[in-house]
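Novice: Before I ask anything, here is the structure I am working with.
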Amino acid sequence: MKKTLLKLIGGICICLAYSCVDDRVMEDPFAGKPAARLGVGQLANQLLAGDQFTRMEIEMVYMSGYRPTNFMLGEMVTFLEDYVNKSDGIIFRQKEIPALGQANYTISDIRELEETHRERYNEREIFTVFLLVVDGYFSQDEEENFALGAAYNSTSMVLFGPRIVENSGGFRRPSLPVLETTVTLHELGHLMGLVNNGTAMVHEHEDDEYESHCDNESCLMYWAVETNRGLNLMGSTVPELDENCKNDIRANGGK
Ligand SMILES: [Zn+2]
Ligand SMILES: [Zn+2]
């Protein structure tokens with residue numbers, strides 16, 4: 001119908017311009033909702049490199065009571081500035097949504113919330129990352145072993161707000177801002193394709209038992225960092241990436 005309309009207008013230029021825009025949208029495998037539905041690590045190069053996407057937008061949607069701390073926002077900027085090539089800058093959007101009061105969230109619950117509340121997807125030169133903070137636990141948690149956060153799609157991650165609150169601030173526990181930041185940066189590391197999951201390893205360092213994680217206990221990408229098992233490894237500061245992880249990032253377009 002659109003084509004007919006254009007024919008009626010009769011302008012060849014209009015037709016060409018229209019089909020050009022149309023083709024670009026259809027051919028760009030890294031833009032829009034389809035790209036956001038790819039798996040974790042599958043847009044690692046586009047996230048890290050500055051070839052196509054020169055700007056980054058972080059969209060944070062949090063349930064009431066779980067607003068990300070300013071400390072986390074600051075640390076995220078530093079982390080991204082250290083590792084990604086986005087010469088046109090990084091901007092943040094924040095939106096509060098009502099708490100649902102749900103005890104547990106399945107991955108499909110989380111994806112549904114994203115579908116409802118996410119407004120920004122990759123387009124033109126802008127690479128987008130979505131962070132959701134929910135007011136409940138992950139449905140796949142076990143009594144002794146639970147998740148603080150997760151990366152679940154190519155540009156999407158989630159934090160389980162109550163887990164972070166309950167496991168921070170006590171004796172020999174990280175403070176809430178440090179724990180929240182640690183988990184968020186760890187999940188960002190997964191979106192960057194670490195370890196060996198979208199970003200190839202320069203030197204072998206994937207954990208034998210826990211895939212997509214670094215074998216170095218003091219690295220941000222150590223498996224235990226996103227679970228309760230890592231709490232005793234954390235001190236008063238956010239763990240950093242080790243040399244192996246940094247090398248991988250550089251070799252895949254990051255810095
Ligand atoms: Zn992990
Ligand atoms: Zn590492």
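The values are calculated or read from the model by the stated rules, or taken from the named source; none is laboratory data. This is a predicted model, so every value here is computed, not measured. Every residue, glycine among them, receives a Cβ derived from its backbone with ideal geometry; neighbour counts consider all protein chains shown. Protein only, heavy atoms only, side chains kept; ligands, DNA and RNA dropped before computing areas. Shrake-Rupley method; radii C 1.70, N 1.55, O 1.52, S 1.80 Å.
Novice: Let me confirm something: among Glu123, Glu166, Glu96, which residue is at pLDDT 95 or above and out of contact with any strand residue (DSSP E or B) (no Cβ under 9 Å at 6 or more places or on another chain)?
Specialist: Unique residue meeting the criteria: Glu123.
Novice: Within the range 227-255, track down each residue that is over 24 Å from Tyr137 (Cα atoms), in a loop (DSSP other than H, G, I, E, B) and open to solvent by less than 20 Å² (accessible area, probe 1.4 Å).
Specialist: Those that are over 24 Å from Tyr137 (Cα atoms), in a loop (DSSP other than H, G, I, E, B) and open to solvent by less than 20 Å² (accessible area, probe 1.4 Å): Leu241, Gly254.
Novice: Can you pull out every residue in the range 213-226 that is more than 9 Å from ligand 2 (Cβ to nearest atom), open to solvent by 20 Å² or more (accessible area, probe 1.4 Å) and under 18 Å from the mean Cα position of the chain (by Cα)?
Specialist: Across the range 213-226, the qualifying residues are Trp223, Glu226.
Novice: Sort out which residues of the range 122-153 are over 17 Å from Ser108 (Cβ atoms) and either of a type in the set (Ser, Thr, Tyr) or not in a loop (DSSP other than H, G, I, E, B) (or both), and write them in order of number.
Specialist: Listed by number, the residues that qualify are Glu123, Ile126, Phe127, Thr128, Val129, Leu131, Val133, Glu142, Asn145, Gly149.
Novice: Quickly run through the range 135-163 and pick out the residues that are among the hydrophobic types (A, V, I, L, M, F, W, C) and either touching a Cys at 6+ places or on another chain (Cβ under 9 Å) or open to solvent by 10 Å² or more (accessible area, probe 1.4 Å) (or both).
Specialist: Result: Phe138, Phe146, Ala147, Ala150, Ala151.
Novice: Another question, if that's okay. Residue under question is Val178, and the condition is that it be in a helix (DSSP H, G or I), over 16 Å from Leu113 (Cβ atoms) and in contact with a Gly (Cβ under 6 Å, 6 or more places away or on another chain); does it hold?
Specialist: no
Novice: Turning to a different aspect of this structure: Residues of the range 186-212 being charged (D, E, K, R) and surrounded by fewer than 21 Cβ atoms within 10 Å (Cβ to Cβ), which ones?
Specialist: Glu204, Glu206, Asp207, Asp208, Glu209, Glu211
Novice: Tell me, which residue of the range 86-134 that is in contact (Cβ under 8 Å) with a residue 60 or more places away in the chain, over 13 Å from Val61 (Cβ atoms) and in contact with a Ser or Thr (Cβ under 8 Å, 6 or more places away or on another chain) is surrounded by the most Cβ atoms within 10 Å (Cβ to Cβ)?
Specialist: Going through the qualifying residues, I end up with Phe127.
Novice: Residue under question is Glu204, and the condition is that it be more than 22 Å from Val238 (Cβ to Cβ) and away from ligand 2 (no atom under 16 Å from the Cβ); does it hold?
Specialist: No; evaluated as a whole, the condition is false for this residue.
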